[in-house]
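One structure is given here, and the rest of the page talks about it.
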Amino acid sequence: MARRFPYHTLPDADLIVDAIYEGSSGGHLSGDALSHLLPGVGNQGGFRASGRGIDKKFIVLFTSGEDKDWPDHLDPNTGRFQYWGDNKTPGHELHTTQRMGNRILRWAFDLLHENPAQRSKIPPFLVFSKHATQTSARSVQYRGLAVPGFPGLPSTEDLVAVWKTSEGQRFQNYRAVFTILDVPIVSRAWLEALRRSGAASPHAPDAWRQWVETGRYRPLAAPNTTGVRRQESQLPATATETAILELVWQQFKDSPRAFEAFAARLFRMHDQRVIIDEITPSSGDGGRDAIGRYLLGLSDDPVYVEFSLEAKCYRPPVNGHRGTSVGVRDVARLISRIRHRQFGVLVTTSVVGRRAYEEVRQDRHPIVFVCGKDIVDILTNAGLNTVELVKEKLESEFALESAHD
């Protein structure tokens, strides 16, 4: 269980990764946990900076996890954090937002890529997420100390201006990639030093100093040790996401062939290195609904790994229904079709039963599970983040396949 800091202790508290910092009871802005924990950063917005002008002492990146159009994402397995800027509505130029968050992003990434790099001028980024508790709706969870960029990611890809359309109007926002450093605790002593005189301090964490001096990233990577996701982790968390999954199931529940084509397209949407060679015939498919290759090598010297894909359009256990989970027999059928140096992909609108999941992971079978939550995440990352957008996509691209099923 994560450590919790009561509201009255926040002014003296260290920042501990994944600890929860309680807001005051009542849910008022004045009881916001962040402004009490880090005085001077304010109590609203995703960008909360300490310091005047462009010379910031430190910057808080706050994510609510509720913005379906601009989904921030932290990968705890690698320490990679994707954060969207603050130009989220039409009518503004990319850098003229109220809190100047996008201007701060451009400034920080410009310093990162200057020759020579000016990393010593880049302020620490402190990442927090919303974590409502019984005590207060304004509690937060600390996710880590971040720096711009990520190991191996080209400078052309760590800060990208992305176009979107809302109500017929086009506008741009930044997609920024950060690395969460291997810093379990940010001490109160360093926080106070940051406020007084900047990041150069004997209290600065080792991973931070190493990055400033050498540019070497030490990510806080925490790979999943179990490899078996609980049922609730395989299902969407919000009402909108649940409605999207329900829509997908309704669309294909009576059209298995159309779902096979959708599942193959979805896996390709997830990773552009996926190549779908064939949607197999409905009869005599040998337990494979699609076959393809995954590109490992360079484009001029490609190395491919073949895979077999199985699609199961089962009713998801949502909205009070028990649903149907993928069982041992379903998985065994796919495993039996995988030859040496191949892997399998199983796509389902439901979940994988615990026994089947455990057997696959314990026996080290090379199976990729794409469950209900994953389907919604892939669609959302592709910009299909509402029921209306998903419905339009499904009806326009898969209606004919359903009709001829």
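The values are calculated or read from the model by the stated rules, or taken from the named source; none is laboratory data. The shown structure was predicted, so the numbers you read here are calculated from the model rather than taken from an experiment. Neighbour counts are summed over all protein chains in view; Cβ atoms, including those assigned to glycine, are modelled from backbone coordinates with ideal geometry. Note: areas computed on protein heavy atoms with side chains; ligands, DNA, RNA excluded. Shrake-Rupley method; radii C 1.70, N 1.55, O 1.52, S 1.80 Å.
What the table below lists for this structure:
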quantity: Rounded tilt (10° steps) of 239-252 against the dominant C-alpha axis of the chain; calculated: 20 degrees
quantity: Hz values of 3J(HN,Hα) by residue in segment 184-193 - Karplus curve (6.51, -1.76, 1.60), Gly and Pro given as x; calculated: x, 9, 9, 6, 4, 4, 5, 4, 5, 5
quantity: Residues with amide H under 5 Å from that of R143, placed H, sequence gap 5 or more; calculated: D18, V127, F128, S129
quantity: Candidates per GluC sites (Glu not before Pro) in segment 136-227, loop by DSSP, up to 12 other Cβ within 10 Å; calculated: E157, E167
quantity: Heavy atoms of K393: accessible area, 1.4 Å probe, square angstrom to 10; calculated: 70 Å²
quantity: Mean separation of Cα contacts under 8 Å (6+ apart) over length of segment 220-363, as relative contact order %; calculated: 24 percent
quantity: Amide H within-cut-off set for Y304, under 5 Å, with H built and near neighbours excluded; calculated: L296
quantity: Inter-label distance for A221 and E114, nm, one decimal - labels placed 7 Å from Cα along Cα-to-Cβ; calculated: 3.1 nm
quantity: Computed over segment 32-157: relative contact order in percent, which uses C-alpha pairs under 8 Å that are six or more apart; calculated: 22 percent
quantity: Prolate/oblate/rounded label for segment 225-283 (Cα gyration tensor, a/c 1.5); calculated: oblate
quantity: Accessible-area composition of the chain, carbon plus sulfur, in percent [1.4 Å probe]; calculated: 48 percent
quantity: Crossing angle, helix 372-381 versus the chain [Cα axis fit, 0-90 degrees, rounded to tens]; calculated: 60 degrees
quantity: Relative contact order computed over segment 311-405 (Cα-Cα under 8 Å; 6+ residues apart), in percent; calculated: 24 percent
quantity: With DNA, RNA and ligands ignored, accessible area of T89 (1.4 Å probe; Å², nearest 10); calculated: 80 Å²
quantity: Global form of segment 5-78, assessed from the alpha-carbon gyration tensor, a/c cut-off 1.5; calculated: rounded
quantity: Solvent-accessible ranking of W84, W163, largest area first, probe 1.4 Å; calculated: W163, W84
quantity: Shape of segment 200-345, Cα gyration tensor, a/c cut at 1.5; calculated: oblate
quantity: Alpha-carbon centroid distance for the pair segment 308-324 / segment 156-178, whole angstrom; calculated: 34 Å
quantity: Kirkwood Rh, Cα atoms: Rg over Rh of segment 96-232; calculated: 1.01
quantity: Spherically averaged projected area in nm², based on the convex hull that wraps the Cα atoms of the chain; calculated: 22.7 nm²
quantity: Residue-by-residue Karplus 3J(HN,Hα) for segment 299-316, coefficients 6.51, -1.76, 1.60, Hz, glycine and proline x; calculated: 4, 7, 9, x, 10, 10, 10, 7, 9, 10, 10, 10, 10, 10, 8, 9, 5, x
quantity: Rg(Cα)/(2.2 N^0.38 Å) for segment 358-400, N = residue count; calculated: 1.62
quantity: Tilt relative to the chain, helix 256-270 - C-alpha long axis, 0 to 90 degrees, to 10; calculated: 30 degrees
quantity: Per-peptide average of other Cβ atoms within 10 Å, ordering 135-143, 181-189 highest first; calculated: 135-143, 181-189
quantity: Cross-link pairs K121/K164; K130/K393; K56/K88; K253/K373; K130/K312; K56/K130 - those with Cα-Cα distance over 26 Å; calculated: K121/K164; K130/K393; K130/K312
quantity: Difference of contour (0.36 nm per residue) and Cα-Cα distance, E167 to A332; calculated: 54.7 nm
